[in-house]
Amino acid sequence: MVTNKAEMSWMKNADSIVNNQQEQQDNFELMSQTFDFISDAILIVDKAWKLIYTNEAAAKLLRSSKRDLLGVHLWDKFSDNVRTTFFDSYQKSLLEDKPVEFNEYYTPLKMWLHFKVIPSKGRVTILLNKLNDNLTMEVTEEVYRTMFRDYPDAVCSTDLRGYFLTVNKSFKEMFSVDDENIKGKHFLDYLVGNRNGRIKDIFETAINGNPQTVEINLSNEVGRPFVVMLSLIPIIVNSEIIGAYAIFKNITKYYLNVDEIRRLYDMNQSIMEAVEDGILGLDKDFNVVMWNEAAEKITGYDREELTPETIHKLLHHIQPSIDHFFNKDFNSLNLFEEIVIEKSGITFYKKDGTPFITEFTVTPMISGETVIGSVLTFRDITQKKKSEELIHQSEKLSAVGQLAAGIAHEIRNPLTSLKGFLQLIEFNQGGKQEYYDIMKSEFSRIEQILNELLILSKPQKMDKVPTSIVNLMDHTVTLLQTQAIIKNIQIKKDIQAEDAMVECAEHQIKQVFVNLIKNAIEATDDGGEINVLIRAINQEVTVEVVDTGCGIPKEKLKRIGEPFFTTKNKGTGLGLMVTFQIIEEHGGTVEVDSIEGEGTTFKIKLPLYES
């Protein structure tokens, strides 16, 4: 077999690599065997903090096997030492590429260990061994001396009876004492009042090996706000409890802040629940942070139901106004004049889908110069809008009434003269009879308009008496039956409340029925049908007049009842206006429903009379 130079070179390099790898492996095994004879514990950690080597001494010290330690994450094994001197020293050694030595108490083994951390090429070798008893005592004493000297909280040590042994500088400052003052004193002397029994029980628990923590309010005793957190920890030497540490942490400021926050919160909640406007607070992710009782009543939504999707459904048409805040540069703006959004006449939708008209204000929640959310205050102005429309309608009616009085006065007198002369001419038989008929018909129409105008121009006498609504309708149908027969229209009655009575001015309600049925006859084509329904529901009498005529266009339905608005070629619009006015004066309502090309329904509701 023949090989070229390149192949031979490659094979030579490959052999070299294999030999180097084998050599490295042999060296590592030799090093491992050597390290196993060393008494110090040795751990090697890679840059991913995984243990890649441990000798027998380390496995024995950590009470584990070499197999179980290899591949373990360093901080899984030393989880109690995260954010301690060990953790910080390891980090420092790795970052600065310098060896570090320190002593650390290893809680799982309940012993002090000496650590030496040596970095090398992205790895760290850790040497550790147990401190001897004398050195451990020295370290322990230094730790406690440091704690007493530098600890920011007040610390004292006591014997098993609770009498002072030592106190630190912070204790002296907190309780205004010195070394002479505390000689022979019991630590409970500084917890005056009726708590001594309770604290004594806690102290007894602590010196039996169970640390205790309790909050104590000493404000009444010292005459000023003063709240401390007392921690009692047993002092253990050579597995024997010889006393206790009492650590006093002044948490007065925290309590004052909590009380103030609670006071402000309660005040804010009281204000929010007292106002009649709905208040909605949103953060930048459209999570609800405020939602008062008025908002619940107006919309029907409980706070728990207000997900971002629900908020979008409720406010989708004004969301651009809220989004406007989150992309605003506020450095050049007057926050109280330029970025508040106010709008009126906007339609929101309740939980059940009912629309309501609102006026609202959107104000940003600002922390510093950052918008953290929006506050929306809104109120339901549906009734206000209806009242404004009623006032407007009333003003129009007032103007129509004034106009009607003048027209009736100016026209009625000459009209009477003209009718008189027409009767004389007809009596003398001058001219054609058909001319007389036309003129009399037109004069009658003028009189009808004048009578309707006069109803508007002056208050009508309202002698209300209990009246059978069925009898009134029967009389009206009988009166107009002739006109219906001429057009071959059937008037059908469906009476489900034979005994229904209403307290009314009989002639006025009869006028209403005449107007409605007459309009139905005029709107219905020859051969059509008119249905009259009467029934009593929930203390109300409902009268419906349903025709099969041409119907009323949807856009014109809202104007039904306005003066001089009519859908008939020769109508005045005054008849239905008078109808609406009469029913309103009787405490009732009129509803109109129509489908163009199918017919119209007028529904009247009046209070049921109960004897």
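The values are calculated or read from the model by the stated rules, or taken from the named source; none is laboratory data. Small disclaimer: the values here were computed from a predicted structure and weren't measured. Here the Cβ is made from the backbone with ideal geometry for all residues, glycine too, and neighbour counts use every protein chain on show. All accessible areas refer to the heavy atoms of the entire protein, side chains included, with ligands and DNA or RNA removed. Shrake-Rupley method; radii C 1.70, N 1.55, O 1.52, S 1.80 Å.
Listed values, structure above:
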{"item": "Residue pairs meeting the criteria (Cβ under 7 Å; at least 6 apart or on separate chains; first of a type in the set (Val, Ile, Thr), in segment 586-611; second part of a loop (DSSP other than H, G, I, E, B))", "result": "Val592/Ile560; Ile595/Gly551; Thr600/Gly549; Thr600/Gly551; Thr600/Ile552; Ile604/Gly588"}
{"item": "Selection count, segment 215-244, where residues are open to solvent by less than 30 Å² (accessible area, probe 1.4 Å) and in a strand (DSSP E or B)", "result": "10"}
{"item": "Tally, over segment 230-275, of residues that are farther than 18 Å from Gln212 by Cβ and modelled with pLDDT of 80 or more", "result": "4"}
{"item": "Verdict on Ile247 being in a strand (DSSP E or B), surrounded by 15 or more Cβ atoms within 10 Å (Cβ to Cβ) and under 45 Å from the mean Cα position of the chain (by Cα)", "result": "yes"}
{"item": "Residue tally, condition part of a loop (DSSP other than H, G, I, E, B) and at pLDDT below 75, over segment 71-106", "result": "4"}
{"item": "Segment 340-354 residues that are under 16 Å from Ile311 (Cβ atoms) and open to solvent by 40 Å² or more (accessible area, probe 1.4 Å), paired with ones that are modelled with pLDDT under 80 and part of a loop (DSSP other than H, G, I, E, B) (beta carbon under 8 Å, 6 or more apart)", "result": "Ile346/His317; Ile346/Ile318"}
{"item": "Tally of residues being in contact with a Pro (Cβ under 9 Å, 6 or more places away or on another chain) and open to solvent by 60 Å² or more (accessible area, probe 1.4 Å) across segment 593-611", "result": "3"}
{"item": "Residue among Glu240, Glu260, Glu273, Glu221 that is charged (D, E, K, R) and over 30 Å from Tyr190 (Cβ atoms)", "result": "Glu273"}
{"item": "Filter pass, Ser441 being over 32 Å from the mean Cα position of the chain (by Cα), at pLDDT below 65 and of a type in the set (Ser, Thr, Tyr)", "result": "no"}
{"item": "Any hit, segment 40-62, residues being more than 60 Å from the chain's Cα centre (by Cα), modelled with pLDDT under 85 and either exposed (fewer than 13 other Cβ atoms within 10 Å of the Cβ) or assigned to a loop (DSSP other than H, G, I, E, B) (or both)", "result": "yes"}
{"item": "Selection count where residues are in contact with a strand residue (DSSP E or B) (Cβ under 8 Å, 6 or more places away or on another chain) and not hydroxyl-bearing (Ser, Thr, Tyr), scope segment 211-269", "result": "27"}
{"item": "Which numbered condition Leu557 fails, given (1) at pLDDT 85 or above; (2) more than 21 Å from Lys510 (Cβ to Cβ); (3) of a type in the set (A, V, I, L, M, F, W, C)", "result": "(1)"}
{"item": "Tally, over segment 163-187, of residues that are closer than 22 Å to Ile242 by Cα and either assigned to a helix (DSSP H, G or I) or open to solvent by less than 60 Å² (accessible area, probe 1.4 Å) (or both)", "result": "8"}
{"item": "Of the criteria (1) in contact with a helix residue (DSSP H, G or I) (Cβ under 6 Å, 6 or more places away or on another chain); (2) open to solvent by less than 80 Å² (accessible area, probe 1.4 Å), which one Glu276 fails", "result": "(2)"}
{"item": "Complete set of residues in segment 479-492 that are assigned to a strand (DSSP E or B) and open to solvent by less than 100 Å² (accessible area, probe 1.4 Å)", "result": "Ile491, Lys492"}
{"item": "Members of segment 364-381 found to be open to solvent by 50 Å² or more (accessible area, probe 1.4 Å) and either of a type outside the set (S, T, N, Q) or under 16 Å from the mean Cα position of the chain (by Cα) (or both), listed by number", "result": "Ile366, Gly368, Glu369, Ile372, Arg379, Asp380"}
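For every residue, the table says whether it meets (1) assigned to a strand (DSSP E or B); (2) without any contact (Cβ under 8 Å) to a residue 60 or more places away in the chain; (3) among the polar types (S, T, N, Q); (4) over 26 Å from Lys110 (Cβ atoms).
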position: Val155; (1), (2), (3), (4): yes, no, no, no
position: Arg161; (1), (2), (3), (4): no, yes, no, yes
position: Asp189; (1), (2), (3), (4): no, yes, no, yes
position: Ile202; (1), (2), (3), (4): no, yes, no, no
position: Thr213; (1), (2), (3), (4): yes, yes, yes, no
